[in-house]
Amino acid sequence: MKKLLSLTALLFISFLSNAQELQLGDRVPAFSATDDAGNKWDSSNVTSEFLVVYFYPAAMTSGCTKQACSYRDDKATFDKLGVQIIGVSGDEVKNLKHFKNTYQLNFPLLSDTKGTIAAIFGVPTRKGGTISREINGENFLLTRGITASRWTFVLDKNMKIIYKNNQVNASEDSQNVKQLIKTYKYK
């Protein structure tokens, strides 16, 4: 009986989180987090025409690195299109700093260790974890509070969702988003 109640509670919680998943056209409420430099980043300060918010599972892992480096390599084009990019994960700030420095990432990475931002967007999360990585010859343990699913959103200047992808291909994400924004901007 106890197991059945636990399963029922789990299904109910899952239902509630899916019911709050943001959809195209929804306005995203303001959110803030600590960035890779330890500073507060706040969505209410965004002045660009578009904001790309991409969630990724864990810094310093292969798929997440491919995705981040693609955004890094396309940043000049995104700047010309009036786009600001942020990456969000459950990683601690120190992990994000290592990730940004190691791969010379040129956009903010936000630490969402409790999954607060993921919950706002309705992005599924699971238990966090710790991985070991060698960075410049030194071993580091990189801990994350939660592991977010890989989802990408594009918001317009009114913070309304104009694009949502919950089946992101890490290496193609930046190109897909860039093409969408070009098409949207020049309609």
* Flag for residue 144 being at pLDDT below 95 and under 18 Å from residue 36 (Cβ atoms) -> yes
* Asked: Counting only residues that are touching a helix residue (DSSP H, G or I) at 6+ places or on another chain (Cβ under 6 Å), among the hydrophobic types (A, V, I, L, M, F, W, C) and over 22 Å from residue 142 (Cα atoms), how many does region 51-82 have?
  -> 2
* **Filter result for residue 149 (of a type in the set (Ser, Thr, Tyr) and buried (at least 18 other Cβ atoms within 10 Å of the Cβ))** => no
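The values are calculated or read from the model by the stated rules, or taken from the named source; none is laboratory data. Please read these numbers as outputs of a predicted model, since none were measured by experiment. With ideal geometry, Cβ positions are generated from the backbone for all residues, glycine too; neighbour counts draw on all protein chains shown.
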